[in-house]
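Worksheet: one structure, shown below.
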């Protein structure tokens, strides 16, 4: 999955998450999406991250969003048993949820409240075939992410197939 596919998925799911945010957060217009191939990690931490802007990011916030998105990936890479950065969050030190581990990629978004960030990362992982619908829902249930649950209710491609 190349950068173009990641970009298309991130833009699609960003636009679908925006209407689900609490009304006090609707002024947010963009963020930063990052990903890293797990096949490049081996047993060590992430060293090379690919990322890009999604939506319209105010110039004064771009470095902040890029830094947070990368930090989430780096932190998740250091906890190989963690499925998401929710598990290692430390808000007092600006370490937020929003990154998820798939079978082939770590994905992260920053620019929305953390549940929106995580919902975009989860939806992109399911969309890219890197997580099953059930795996993504399990991560969202652990973090209490009702925004991702709302996405699942609205978009059939995120729902688990019936047996």
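Taken together, the values in this text are just the output of simple stated rules run on the coordinates, not laboratory data. Here the structure is a predicted model, which means the values were calculated and not measured. Glycine also receives a Cβ, built like all others from the backbone with ideal geometry; neighbour counts cover every protein chain displayed.
What's the center-to-center distance, using Cα atoms, between the range 115-150 and the range 71-91 in Å?
Using only Cα atoms to place each centre, the spacing works out to 15 Å.
I want to check the label-to-label distance for residue 23 and residue 60. Put each point 7 Å from Cα in the C-beta direction and report it in nm to one decimal.
2.6 nm
Which shape class applies to the chain: rounded if a/c is under 1.5, otherwise prolate when a/b exceeds b/c and oblate if not, where a ≥ b ≥ c are the square roots of the Cα gyration tensor eigenvalues?
Rounded is the answer for the chain, as its axis ratio a/c remains below 1.5.
Rank-order 75-83, 104-112 by packing density, defined as the average count of other C-beta atoms within 10 Å over each peptide's residues, highest first.
104-112, 75-83
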